[in-house]
1. Just one of the numbered conditions (1) touching a strand residue (DSSP E or B) at 6+ places or on another chain (Cβ under 6 Å); (2) polar (S, T, N, Q); (3) not in a helix (DSSP H, G or I) is not true of Asn147; which one?
2. For the subset of segment 55-68 comprising residues that are assigned to a loop (DSSP other than H, G, I, E, B) and of a type outside the set (S, T, N, Q), which member is surrounded by the fewest Cβ atoms within 10 Å (Cβ to Cβ)?
3. Keeping to segment 158-189, report how many residues are assigned to a loop (DSSP other than H, G, I, E, B), buried (at least 21 other Cβ atoms within 10 Å of the Cβ) and of a type outside the set (S, T, N, Q).
4. Scanning for something assigned to a loop (DSSP other than H, G, I, E, B) and over 23 Å from Gly189 (Cβ atoms), does segment 69-86 turn up at least one residue?
5. I need a count of the residues in segment 141-150 that are of a type outside the set (A, V, I, L, M) and surrounded by 15 or more Cβ atoms within 10 Å (Cβ to Cβ).
6. Could you list, in sequence order, the residues of segment 125-140 that are surrounded by 16 or more Cβ atoms within 10 Å (Cβ to Cβ) and part of a helix (DSSP H, G or I)?
7. Look at Gly103 and say whether it is surrounded by 19 or more Cβ atoms within 10 Å (Cβ to Cβ) and part of a helix (DSSP H, G or I).
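Every read-out reported here was derived from the displayed coordinates using simple, explicitly stated rules and does not represent laboratory data. The model shown is predicted, which means the values in this text are computed figures rather than measured ones. Neighbour counts run over all protein chains shown; Cβ positions are idealised from the backbone, glycine included.
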Amino acid sequence: MYLNRLCFVSLTLVALLLGGCSKQETADQSRAGKPEVTVQAVAAQAKGFTVGALMSANTVYVFFDPQCPHCGHLWQASTPLHKKVKFIWIPVAWINASSLSQGAALMAATNPAALMTEHEASLLAGQGGIAASASVSSDIEQSIKANTKLLNSLGAESVPFVVVKNAVTGQTIAKDGTLTTAALAEMIGVDPS
């Protein structure tokens with residue numbers, strides 16, 4: 001009985017840790033009872049940087065906090081899909097003060113894909129991510145604050161938070177937490193290879 005309870009608690013903790021970074025330290029992945037999320041609303045209101053196939057009809061919107069390691073894993077999982085799909089990475093500031101300054105540096109970067117790759121490698125190596133100036137331009141700061149407000153209004157419980165219209169079904173899907181490349185491709189409706 002004790003061993004079964006210990007296994008259950010251990011598995012629950014692993015599931016919570018692997019899901020996503022939460023503003024409330026919960027990993028509720030359910031969308032039941034939460035506001036309807038539309039691609040149109042996110043596209044009209046969110047500000048981020050674009051990577052991947054810029055001319056793709058498929059656009060994936062990813063809300064992320066630069067201090068979230070789960071977001072780093074999703075970045076890595078998305079990289080093989082950059083040749084097929086356009087991703088818009090939308091920085092928010094949920095975790096700490098570095099979230100805002102690093103998000104601003106990524107938004108202002110000449111090559112955001114290269115800087116994001118560098119940042120996520122550093123973050124996942126336990127080095128905290130890229131060094132970023134605490135001095136953030138007011139327009140970028142306002143964009144990140146607006147992104148954070150938008151994410152909160154969507155009822156997201158954790159980041160990364162992905163919003164996409166599936167290319168096959170046409171269904172809008174909103175999901176918090178990280179995904180593998182295969183799961184992300186399935187969510188988008190594209191072949192992962």
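1. Looking at each condition in turn, Asn147 falls short on (3).
2. Among those that are assigned to a loop (DSSP other than H, G, I, E, B) and of a type outside the set (S, T, N, Q), it is Met55.
3. Counting residues in segment 158-189 that are assigned to a loop (DSSP other than H, G, I, E, B), buried (at least 21 other Cβ atoms within 10 Å of the Cβ) and of a type outside the set (S, T, N, Q) gives 2.
4. No; the residues of segment 69-86 include none that is assigned to a loop (DSSP other than H, G, I, E, B) and over 23 Å from Gly189 (Cβ atoms).
5. 4
6. Selection gives Ile140 alone.
7. yes
Yes or no, residue by residue, for (1) under 15 Å from Val162 (Cα atoms); (2) touching a residue at least 60 places away in the same chain (Cβ under 8 Å); (3) of a type in the set (A, V, I, L, M, F, W, C):
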{"site": "Leu74", "(1), (2), (3)": "yes, yes, yes"}
{"site": "Leu100", "(1), (2), (3)": "no, no, yes"}
{"site": "Ala104", "(1), (2), (3)": "no, no, yes"}
{"site": "Ala108", "(1), (2), (3)": "no, no, yes"}
{"site": "Pro112", "(1), (2), (3)": "no, yes, no"}
{"site": "Ala125", "(1), (2), (3)": "no, no, yes"}
{"site": "Gly129", "(1), (2), (3)": "no, yes, no"}
